[in-house]
Amino acid sequence: MCLAITKIALTNIEALKGFGISDEMITEIETSVDEFKHLIGSVRNIRIKRYANIKEADQLINAGNSLLKNKMDKMMKVFELTQPVFYDVYKRARVIVD
């Protein structure tokens, strides 16, 4: 869109000079658009990486929860009778508080 506008502006540069628009200004706009072009794909790549990281974090959290539930909680049952205070503290620490 910007390139189309600058092309039209260049073909009508004489009429635009009365409004304070010069060749240099149009060239500057074209240069800015050219410098921006490589960033267009970058935003998409950053968004894709962010969602991939969120998905990986979710997987890691689920793996951690699974280890706690399937391994650690079962192992802590040993302390339920021998160390009831320790076991109670462990169980309380496992409760998520909002």
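Which residue is farthest from the chain's Cα centre (by Cα), if the candidates are limited to region 4-24 and must be within 19 Å of residue 34 (Cβ to Cβ) and loosely packed, with under 10 Cβ neighbours inside 10 Å? By that ranking, first place goes to 24. Would you confirm, using the coordinates I've provided, whether residue 54 is β-branched (Val, Ile, Thr), surrounded by 10 or more Cβ atoms within 10 Å (Cβ to Cβ) and modelled with pLDDT of 90 or more? So residue 54 fits the description; yes. Taking the listed residues 89, 95, the one that is more than 25 Å from the chain's Cα centre (by Cα) and at pLDDT below 90 is 95, with no other qualifying.
The values are calculated or read from the model by the stated rules, or taken from the named source; none is laboratory data. The shown structure was predicted, so the numbers you read here are calculated from the model rather than taken from an experiment. Note: ideal-geometry Cβ built from the backbone for every residue, glycine included; neighbour counts use all protein chains shown.
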